[in-house]
Amino acid sequence: MAAAKTRTSTFSRNLSTASPSHGPGLKCGPNGTVFLSSGIPDLDKILGGGFPLGSLVMVMEDAEAPHHMLLLRNFMAQGLVLGQHLLYSSPARDPRGFLGTLPSPAASKDDKPRERDPDQEKGLRIAWQYKKYFGENQLDGQRDGKHEYSNEFDLRKPLERHFINGPRIDCVSIQDCPDLSTLRDRCATFLSQFPRNDGSISCAGRIAIQSFCAPQCAYSNMEWDMLSFIRSLQSMVRSSNSVAIITFPPSLLSPSFCKRWQHMADTLLSVKAIQDEDKELAQLLTGYQDMVGFLNVHKVARINTQVPVILEATTFSIKLQKRRYLVLECLNQAPVDGSSGTSYGTSGGCSSSSKTGNLDF
């Protein structure tokens with residue numbers, strides 16, 4: 001009797017082409033891009049997922065207010081919470097003291113354990129056969145995972161000590177570097193831990209350089225040397241599983257070199273403070289009393305694609321919700337008549353009456 005042939009289904013998962021697994025804090029995007037969170041959920045949505053691995057982010061500071069520190073703190077705190085390596089460089093004498101100002105993750109609303117409803121599970125009968133392709137343990141691990149891609153941080157609550165005192169943090173004082181070659185070597189040694197390959201990414205690195213051309217630096221007047229450092233750092237970051245962010249005050253650079261720096265960035269952002277008691281701006285924008293500044297998105301990183309990224313808006317308001325949480329919102333124009341609420345829905349109706357005149361058909 002001939003042996004029975006086993007029938008193989010034509011619908012089977014191709015394990016060879018499956019997307020590789022990544023470590024916590026990483027998310028797959030289009031065109032093979034892997035995103036790393038900026039630490040601000042709203043900014044991740046604006047940029048299409050976050051900062052792509054291998055990209056250089058530059059933030060133009062405002063001379064009147066240190067709003068760039070809000071972006072820098074959340075970026076650093078997000079990496080430490082996820083267990084990622086961090087290299088922090090600052091013009092301060094003791095850059096490790098800045099780690100004490102990093103915010104702590106806010107308590108999530110979904111921290112309470114949720115019990116499974118057996119009646120609800122009985123009704124979920126769609127695509128039940130997909131379980132054998134993914135496995136029960138993998139699905140349960142995704143649902144019960146402790147790590148989040150992007151956290152909300154409480155700016156009033158400092159980060160716990162065990163995150164700051166870990167061995168994954170490397171702090172460098174720019175004042176202690178006689179030239180940029182020392183800082184370049186430290187960055188190269190740090191990035192060598194995260195070589196880029198086609199396999200799975202177990203961990204990623206973050207580099208944060210604050211006020212790169214500050215006056216207290218010995219090389220603040222060496223514009224060509226600083227430009228060469230940025231170019232070399234970009235090439236090293238591009239070939240590694242990491243993201244580097246540099247903040248700099250554009251007012252200290254010549255206009256030509258400031259344009260060159262902006263051209264070198266993959267993602268270019270700028271922050272601007274709001275002047276106190278700007279009555280004209282208060283009448284123009286809604287929610288002005290809650291704003292602390294503006295965030296401008298000048299350029300978005302394009303990795304593995306030539307299609308430009310078109311944003312719905314390029315200027316966003318920076319708000320501190322309850323004086324604790326950093327929120328980015330689109331700018332909304334205030335109603336012309338000064339009323340709050342429905343300025344368009346209540347005027348010009350066919351059935352509504354108006355003192356100035358009625359609409360008759």
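The figures follow:
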quantity	calculated
Two-decimal Rg/Rh across the range 153-293, once Rg and the Kirkwood Rh are taken from alpha-carbon atoms	1.04
Alpha carbon centroid spacing (whole Å) that separates the range 185-218 from the range 251-313	24
Violating pairs (Cα-Cα greater than 30 angstrom) within the set 45/157; 27/259; 259/279; 45/322; 157/259	27/259; 259/279; 157/259
Segment residue 263-residue 315, length gained on full extension (0.36 nm per residue, minus Cα span)	16.8 nm
Computed accessible area, residue 26, all protein chains, 1.4 angstrom probe, square angstrom	30
Point-charge dipole on Cβ atoms (K/R +1, D/E -1) for the range 186-240, about Cα centre, debye to 20	140
Per residue Cα convex hull volume in Å³ - calculated over the range 211-297	141
Rg [Å, one decimal], Dmax [Å, integer] - the range 147-208, C-alpha atoms	15.3, 41
20 °C / 1.002 mPa s Stokes-Einstein diffusion coefficient of the range 223-270, Kirkwood radius on C-alpha pairs, µm²/s	187
Length-normalised contact order of the range 19-89 in % [C-alpha pairs under 8 Å, at least 6 apart]	27
Counted charge near residue 86, where neighbours are those whose Cβ lies closer than 13 Å (Asp, Glu -1; Lys, Arg +1)	+4
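The values are calculated or read from the model by the stated rules, or taken from the named source; none is laboratory data. For clarity, every value in this text was computed on a predicted model and none was experimentally measured. Counting neighbours? That spans all protein chains shown, and the Cβs are built from the backbone with ideal geometry, glycine included. To get the accessible areas, we keep the full protein, side chains included, count just its heavy atoms, and leave off ligands, DNA and RNA. Shrake-Rupley method; radii C 1.70, N 1.55, O 1.52, S 1.80 Å.
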